[in-house]
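The values are calculated or read from the model by the stated rules, or taken from the named source; none is laboratory data. Owing to the predicted nature of the structure, the values given are computational and were not obtained by experimental measurement. Cβ atoms come from the backbone with ideal geometry, glycine included; neighbour counts cover every protein chain shown.
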């Protein structure tokens, strides 16, 4: 009976969200269902069929390089097309790219770079519009709940998807069948947004020519996040596949990580106050350094297990605690200039992907100099150290009175 009452309370809380926000959430949940298939298991497919770390890094570098460019192009397209149409088209291109990876005969680094560029085009269109809609359709009162529910569902569904699919692949499920399922889920996600009349942003200048002090700090934090988050796209998956086992083990460990994450993230999103974000962000960055240092010093199956189980949780907490602060900053800077809102989304993506590209280059350089295993072992701690040093510098930045100018 108590459980039923709790479910009713949670549903009542959900229905307090505006109708457009609820539909947006449903769309994002469908995408979250497909995401583990397109991220974790594409990594596994490329590695199993190629056994070459530079090819996998090239695939992700293609995405990282093209995404900011597409964010900018999307800003231009929003002057002509409605946001729901562009968001749907982005979903379609992501789905098409995922299908192409497993159905085409990709063997060279250039092939994988091209596939990364294709998925990156869709990612840029999808996420630039998704980020705007998230900011536009939520406010400071319901953002923590919205993001907490979204992150919690994403981690729970990642549990179900990765655990079941990992072992299904071991027992004969083809990657081609898996990507077809992902294709239709992503298309359905885009169709929900396409079917609603969401307001398109008013687009002014796309580039911020002179940012205020607060936003300059956010730029550097985005860059720092990219340093560590860039590796999370492929390093944990490869550590499991190379050192611990097959897709079944990959799915099982990802599922266990999802259990841990879902409980903590939902509780934080439900109970946290805006004043909590900063201290938990700092704690997450410190834990990222600690676990990557442990991996580098004691490189064995136990430390790999600990690192892969907790890496996703730490990345999620970094975003969960940082995004409400970013959104509040954007709300504040654009309160009388709504047509500048999209420029902040573009700006943050540029700095985030600079960090991601740098992380990929560092990992690639170590791989060429010391081999794939050493790249997976040492690149996380090197980039975590750089991240913490950057965040320390940001914390000690002296305020300069610069008025934001677009």
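Points to keep in mind about this one:
- Of all residue pairs spaced 6 or more apart or on separate chains, those with beta-carbon atoms under 8 Å, a first member in the stretch 115-143 that is more than 25 Å from residue 98 (Cα to Cα) and a second member that is in a loop (DSSP other than H, G, I, E, B) are 136/198; 136/199; 136/201; 137/18; 137/198; 142/16; 142/17.
- There is no residue in the stretch 39-61 that is more than 18 Å from residue 357 (Cβ to Cβ), at pLDDT 90 or above and surrounded by 14 or more Cβ atoms within 10 Å (Cβ to Cβ).
- Residue within the stretch 315-332 that is in a helix (DSSP H, G or I), touching a residue at least 12 places away in the same chain (Cβ under 8 Å) and more than 26 Å from residue 349 (Cα to Cα) present: no
- Residue 100 vs. criteria surrounded by fewer than 23 Cβ atoms within 10 Å (Cβ to Cβ) and without any contact (Cβ under 8 Å) to a residue 40 or more places away in the chain: yes
- From 117, 125, 147, 96, residue being in a helix (DSSP H, G or I) and modelled with pLDDT under 90: 147
- Checklist (1) buried (at least 21 other Cβ atoms within 10 Å of the Cβ); (2) modelled with pLDDT of 90 or more applied to residue 187, failing item: (1)
- Residue check, residue 119 over 30 Å from residue 9 (Cα atoms) and surrounded by fewer than 23 Cβ atoms within 10 Å (Cβ to Cβ): no
- The condition of being touching a helix residue (DSSP H, G or I) at 6+ places or on another chain (Cβ under 8 Å) and closer than 19 Å to residue 93 by Cβ does not hold for residue 161.
- Of all residues in the stretch 365-400, those being over 18 Å from residue 303 (Cα atoms), free of Cβ contacts under 8 Å to residues at least 24 places away in the same chain and not in a loop (DSSP other than H, G, I, E, B) number 7.
- Residue 352 vs. criteria part of a helix (DSSP H, G or I), surrounded by fewer than 18 Cβ atoms within 10 Å (Cβ to Cβ) and under 21 Å from the mean Cα position of the chain (by Cα): no
- The helices (runs of 4 or more DSSP H) found wholly in the stretch 200-302 and carrying at least 3 residues that are modelled with pLDDT of 90 or more and within 22 Å of the chain's Cα centre (by Cα) occupy 213-232, 277-297.
- Qualifying residue in the stretch 74-93 (condition: modelled with pLDDT of 90 or more, crowded, with 21+ Cβ neighbours inside 10 Å, over 15 Å from the mean Cα position of the chain (by Cα) and farther than 30 Å from residue 140 by Cα): yes
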